[in-house]
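Visitor: Quick one: this structure, given as structure tokens, is what I'll be asking you about.
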Amino acid sequence: MSSSTTSPQAPSATRGPLTRSQRLDRLPFTRKHGKLLGASGIGWALDAMDVGLISFVIAALSIHWELSKSDGSLIASAGFAGMAIGASVGGLLADRLGRRSVFAMTLLIYGLATGASALAMGVGVLIVLRFVVGLGLGAELPVASTLMSEFAPARIRGRVIVWLEAFWALGWILAAVIGTFVAASGPTGWRWALAVGLVPAIYSLVIRLGTPESVRFLEKQGRTGEAERVVRSFEASAGIDAPAGATPTTDLAADAPTASPVPADLAAAIPAADPIETTGGIWSKPLRARTAGLWAVWFCINLSYYGAFIWIPTLLVDRGFDLTRSFTFTLIITLAQIPGYAVAAWLIEVFGRRWTLTVFLTGSAVAASFYGLADAEWTILAAGCALSFFNLGAWGALYAIGPELYPTRVRGTGTGAAAAFGRIASMLAPFLVPVFLVAGGQVFVFAAFSVFFLLAAAAAFTLPEQRGKALAE
């Protein structure tokens with residue numbers, strides 16, 4: 001083969017005219033992708049920190065304010081109620097205003113509200129502020145995963161989204177550290193713990209100024225010159241020349257292909273798009289089966305995850321552990337999230353999204369059963385770590401598959417609506433735990449969670465496999 005065949009400048013190295021989306025899909029993972037992943041991931045970690053902190057705050061207030069389980073449930077559920085509304089509205093806004101703008105706005109809302117929560121003087125005020133926090137939290141997660149999905153190279157898109165979701169583990173670990181060493185430090189420790197929540201408000205400026213807008217969104221809005229500049233910046237990061245004869249401000253038609261000289265091995269890696277019909281909403285005939293399956297997974301995994309992890313510190317206190325020891329156990333259990341994400345990130349591009357999600361949900365069901373039966377310290381830690389490993393690996397796969405199920409114009413809406421439906425379960429979970437405790441103790445609580453994990457696994461297996469496919473336009 002001659003050297004001209006492999007040269008980036010050789011026309012023969014291309015597969016013909018490429019759209020901007022195809023130009024992004026065939027790129028290697030570059031430093032610019034890494035910066036976008038880091039920026040989105042930090043926002044994701046701050047979200048997790050806030051969600052995790054409230055479990056430690058509730059446990060601390062059960063001692064310092066003699067907070068009842070019903071009041072603790074109200075505080076937790078208020079946040080989830082806000083998340084349900086935020087996820088739905090945030091997805092709609094992302095499809096209309098842009099992914100980047102909504103991402104930054106959500107960070108600002110929940111950061112300011114979390115900081116204000118530190119000044120709450122009663123349960124009522126704390127409940128209201130947690131609702132506002134939830135509005136921001138609920139909107140941020142599906143918007144961030146949608147934005148990252150639309151930039152990630154197609155052949156490793158699932159893995160990149162699991163990497164993004166892995167920042168959740170970092171946030172939970174940070175929450176566990178703050179909970180253990182700050183929230184448990186004294187009567188006002190929980191206030192200082194919540195005060196840390198102001199960080200996302202500051203970070204929102206970084207997101208707004210330093211993050212590119214989705215190319216697919218820009219094209220749908222007719223902002224083709226801006227879309228071209230963004231694509232060029234990613235191509236430059238990969239060391240690939242821009243299309244011949246075009247300038248960053250050339251006003252090309254939104255769907256016009258542009259020639260892009262590219263090495264043959266990269267051109268050959270351009271995947272075929274999902275042939276799903278792109279007209280109609282998320283409940284139109286071509287999309288309704290995948291929407292129903294996705295909603296079912298979201299509902300069941302939310303019920304089990306938040307029911308377990310919001311209450312684990314308090315349930316450990318109920319088992320006779322003091323506050324510091326309870327928080328330390330929770331920190332150790334949280335650390336098991338990291339290898340869970342790592343394994344899921346590898347499997348998702350080897351076995352595919354559907355099998356990875358199904359296996360990790362099944363593993364979560366088994367681990368939940370063992371946790372309910374655990375009675376010694378080592379069994380509590382072992383079962384808790386297994387639950388953390390499998391459950392968070394499942395979350396990574398779920399966030400990867402969601403945006404891939406929908407075309408660009410309803411991608412934010414589809415992922416946001418599924419998350420919103422799931423938040424209904426997270427609202428119910430804090431109230432169900434006290435009821436389950438009365439009905440059959442902690443064994444019954446975690447047996448119920450195990451059943452819902454199994455239902456989520458069954459629903460996950462109905463979803464179409466999207467490994468290696470380009471996002472539908």
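Visitor: Give the share of C-alpha pairs in each 5 angstrom bin for the range 376-432, from 0 to the last occupied bin, in whole percents, shortest bins first.
Guide: P(r) over the range 376-432, rounded to whole percents: 4, 16, 15, 17, 19, 13, 9, 5, 3, 1, 0.
Visitor: Between Ala470 and residues 5 or more places away or on another chain, which pairs have amide H atoms under 5 Å apart, with H built 1.01 Å from N, and which residues are they?
Guide: Ala272, Ala273, Asp274
Visitor: With respect to the cross-link table entries Lys220/Lys469; Lys32/Lys285; Lys35/Lys285, which display a Cα-Cα separation exceeding 32 Å? Show your work: numbers first, answer last.
Guide: Numbers: Lys220/Lys469 20 Å; Lys32/Lys285 38 Å; Lys35/Lys285 38 Å.
Those over the limit are Lys32/Lys285; Lys35/Lys285.
Visitor: Amide H to amide H, which residues 5 or more places from Leu18 or on other chains are under 5 Å from it, using H placed in the peptide plane?
Guide: Thr258, Ala259, Ser260
Visitor: Something else now. If R0 is 45 Å, what FRET efficiency do you get for Leu119 and Ala447 from their C-beta distance, rounded to 0.05?
Guide: 0.65
Visitor: For every other residue with a beta carbon closer than 15 angstrom to the beta carbon of Ile173, add +1 if it is Lys or Arg and -1 if Asp or Glu, then tell me the sum.
Guide: Values: positive: none; negative: Asp47, Asp50, Glu165.
Within the 15 Å Cβ shell, the charges total -3.
Visitor: Run a plain Debye calculation on the chain (Cα atoms as equal point scatterers, no solvent) and give log10 I(q)/I(0) at q = 0.06, 0.09, 0.11 Å⁻¹, rounded to two decimals, same order as the q list.
Guide: Taken in order of the listed q values, log10 I(q)/I(0) reads -0.26, -0.58, -0.83.
Visitor: Using Cα-Cα distances under 8 Å and only pairs 6 or more residues apart, what relative contact order does the chain have, in percent?
Guide: Numbers: 933 pairs, mean separation 125.1, N = 473.
Relative contact order of the chain: 26 percent.
Visitor: Keeping every protein chain present and rolling a 1.4 Å probe, give me the accessible area per residue for the chain in Å².
Guide: Accessible area per residue: 35 Å².
Visitor: Continuing with this model, one more query. Within the accessible area of the chain, what % is carbon and sulfur when the probe is 1.4 Å and the other protein chains stay in place?
Guide: Solvent-exposed carbon and sulfur of the chain make up 70 percent of the total.
Visitor: In whole Å, largest first, what are the principal axis extents of the Cα atoms in the range 143-203?
Guide: Taking the Cα atoms of the range 143-203, the three principal extents are 51, 21, 12 Å.
Visitor: Can you pull the three principal axis extents for the Cα set of the range 22-126, in Å, largest first?
Guide: The Cα atoms of the range 22-126 stretch 58, 27, 21 Å along the principal axes, largest first.
Visitor: Points 7 angstrom from Cα along the Cβ direction at His64 and Leu205: gap in nanometres?
Guide: Going from the His64 label point to the Leu205 one covers 2.9 nm.
Visitor: I need the phi-derived Karplus couplings for the range 384-389: 6.51 cos²θ - 1.76 cosθ + 1.60, θ = phi - 60°, integer Hz, Gly and Pro marked x.
Guide: Those phi angles translate into x, 5, 5, 4, 5, 4 Hz.
Visitor: Sticking with this structure for a sec: Would you mind estimating how fast the range 321-377 diffuses translationally, via Stokes-Einstein at 25 °C and 0.890 mPa s with the Kirkwood radius over Cα pairs, in µm²/s?
Guide: Answer, rounded: 186 µm²/s.
Visitor: Starting from the eigenvalues of the Cα gyration tensor, five times each then square-rooted, give me the equivalent ellipsoid semi-axes of the range 147-242, largest first, whole Å.
Guide: Equivalent-ellipsoid dimensions as semi-axes: 38, 16, 10 Å.
Visitor: Taking Rh as the Kirkwood radius, which is the inverse of the mean 1/r over Cα pairs, what is the Rg/Rh value for the range 325-444? Show your work: numbers first, answer last.
Guide: Working: Rg = 16.4 Å, Rh = 15.9 Å.
That ratio equals 1.03.
Visitor: Kindly provide the helix-only [θ] at 222 nm of the chain, computed as the sum of -39,500 (n - 2.57) over DSSP H runs of four or more divided by all residues, to the nearest 500 deg cm²/dmol? It would help to have the intermediate numbers written out before the result.
Guide: Numbers: 19 runs with 342 residues, N = 473.
Computed ellipticity for the chain at 222 nm equals -24500 deg cm²/dmol.
Visitor: OK, next. What accessible area, in Å² to the nearest ten, does a 1.4 Å probe give for Phe436?
Guide: Phe436 has an accessible surface of roughly 30 Å² with all protein chains in place.
Visitor: Here's something else I'd like to know. From the protein chains alone at 1.4 Å, what is the descending order of accessible area for Trp163, Trp346, largest first?
Guide: Sorted descending by solvent-accessible area, the residues read Trp346, Trp163.
Visitor: I've got another one for you. Where the only charges are on Cβ atoms (+1 Lys, Arg; -1 Asp, Glu), what is the dipole of the chain about its Cα centre, to the nearest 20 debye?
Guide: With Lys and Arg at +1 and Asp and Glu at -1, about 660 debye.
Visitor: Find out how many positive minus negative residues lie around Leu53, taking Lys and Arg as positive, Asp and Glu as negative, among other residues whose Cβ is under 15 Å from that of Leu53.
Guide: Taking every other residue near Leu53 into account, the sum is 0.
Visitor: Once the piece of chain linking Ala236 and Ala195 is laid out straight, how much longer is it, given 0.36 nm per residue of separation minus the C-alpha distance between them?
Guide: Full-extension gain reported as 10.7 nm.
The values are calculated or read from the model by the stated rules, or taken from the named source; none is laboratory data. No experiment lies behind these values; they were computed from the predicted model shown. Here Cβ is always computed from backbone atoms with ideal geometry, including for glycine, and neighbour counts include all displayed protein chains. Heads up: the accessible areas ignore ligands, DNA and RNA and are worked out on the full protein's heavy atoms, side chains in. Shrake-Rupley method; radii C 1.70, N 1.55, O 1.52, S 1.80 Å.
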